[in-house]
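Pasting in a structure now, in structure tokens, and then I'll have a few things to ask.
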Amino acid sequence: MLQGVLKKFLLILLVVVIYQHWGKIERLFNPSAVVSEEIRSQARVVLYATDWCGYCKATRRFLDQKGIPYREFDIEKDAEARKAYTALGGAGIPILDVNGTLLRTYDPDAIMAALQP
């Protein structure tokens, strides 16, 4: 009885861990999904977001899957981040600054276009 419960718990835990790290796992099996080293090394990406925002989560997942480094600021927890967000005309989340191009929503194609040299 206890072994059955333990096996179910471990299976659920495994599924959760895989889900949380899917971007890293996907890169192992699909290296073409990762952008070139040159683009990654020159990327200057800043994400203004919150913990609860679904589009912010999707943006994080996309950047992680592509191996794009970024700095994230939580506009609810960091007063300086909130000021910067407001100065950018913040009216929604996420806001991304990708190499100087402001993106005001989750848009993978626009992110990739803004990363191109």
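For region 68-79, state whether one or more residues are touching a residue at least 40 places away in the same chain (Cβ under 8 Å) and either more than 10 Å from the chain's Cα centre (by Cα) or in the same structural domain as Gly100 (by TED's automatic domain parsing) (or both).
Yes, region 68-79 contains at least one residue that is touching a residue at least 40 places away in the same chain (Cβ under 8 Å) and either more than 10 Å from the chain's Cα centre (by Cα) or in the same structural domain as Gly100 (by TED's automatic domain parsing) (or both).
Can you pull out the helices (runs of 4 or more DSSP H) entirely within region 25-117 that have at least 3 residues that are among the charged types (D, E, K, R)?
37-42, 54-66, 79-87
Got at least one residue in region 11-29 being among the hydroxyl-bearing types (Ser, Thr, Tyr) and modelled with pLDDT of 85 or more?
No - not one qualifying residue is present in region 11-29.
List the pairs whose first member sits in region 38-66 and is more than 13 Å from Arg104 (Cα to Cα), whose second member is assigned to a helix (DSSP H, G or I) and among the charged types (D, E, K, R), and whose Cβ atoms are under 8 Å apart, counting only residues at least 6 apart or on separate chains?
Close Cβ pairs (under 8 Å, with a partner that is assigned to a helix (DSSP H, G or I) and among the charged types (D, E, K, R)) amount to Asp64/Lys24; Gln65/Glu26; Gln65/Arg27.
Going by the structure shown, is Arg61 surrounded by 14 or more Cβ atoms within 10 Å (Cβ to Cβ), among the basic types (Lys, Arg) and over 12 Å from the mean Cα position of the chain (by Cα)?
So Arg61 fails the test.
Against the condition hydroxyl-bearing (Ser, Thr, Tyr), touching a strand residue (DSSP E or B) at 6+ places or on another chain (Cβ under 7 Å) and more than 27 Å from Ile25 (Cα to Cα), how does Tyr85 come out, does it pass?
For Tyr85, the condition - hydroxyl-bearing (Ser, Thr, Tyr), touching a strand residue (DSSP E or B) at 6+ places or on another chain (Cβ under 7 Å) and more than 27 Å from Ile25 (Cα to Cα) - is met.
The values are calculated or read from the model by the stated rules, or taken from the named source; none is laboratory data. Note that the structure is predicted; figures quoted are calculated from it, not measured. All Cβ positions, glycine included, derive from the backbone under ideal geometry; neighbour counts span all protein chains shown.
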